[in-house]
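Worksheet for the structure shown next.
The values are calculated or read from the model by the stated rules, or taken from the named source; none is laboratory data. Remember, predicted model here, so these are calculated numbers, not experimental data. Please note: Cβ atoms are built from the backbone with ideal geometry, for glycine as well, and neighbour counts cover all protein chains shown.
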Amino acid sequence: MDTEALKQKVIECLQGIFDPEIPVSIYELGLIYEINILPINNVQIVMTLTAPSCPAAQTIPVDVDQKVREIEGVNDVHVAVTWTPAWNKSMMSEVAQLELGMM
C-alpha cells in the first residue's frame, strides 16, 4: 500500500472518532493537525483537543492510537498532543460547522 492510500485510510479512521461532548468527528472538528506516514508505514499524528481541561483529554489520544493501529498495513503509531496553535472554532470544517448549526 502506498503512503497516500494509507493516509486516506487513517483519515477515514479518524472521521469515526468523536469528541464525547460534541457529536462531530475529531477530524471534522479540526483537532488533527498533521498525519505523517513515515518509512515502513509508521504513522505519526499531531493533534490537539478543544481545551486542556477537556474531560476526554486522556481518552481521545488513546482511542486514536488504538484505532489507527487496527488499520491493515500500519506498523507503528505515535500520537502527539500539542496545544500550539490553540484550537479554535475556525479550525472546524464546513461539515462540522453545519452539523453544529454554526453556518
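Numbers for the structure displayed
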quantity: Selected residue (criterion: surrounded by the most Cβ atoms within 10 Å (Cβ to Cβ)) from residues of the range 49-73 that are polar (S, T, N, Q) and farther than 19 Å from residue 7 by Cβ; calculated: 50
quantity: Matching residues in the range 1-35 - criterion: being within 13 Å of residue 99 (Cβ to Cβ), outside any loop (DSSP other than H, G, I, E, B) and in contact with a Phe, Trp or Tyr (Cβ under 8 Å, 6 or more places away or on another chain); calculated: 25
quantity: Where a residue in the range 83-94 is among the hydroxyl-bearing types (Ser, Thr, Tyr) and its partner, wherever it lies, is part of a loop (DSSP other than H, G, I, E, B), with Cβ under 7 Å and at least six apart; calculated: 93/28; 93/30
quantity: In the range 77-101, residue modelled with the lowest pLDDT [restricted to those that are loosely packed, with under 13 Cβ neighbours inside 10 Å and not polar (S, T, N, Q)]; calculated: 101
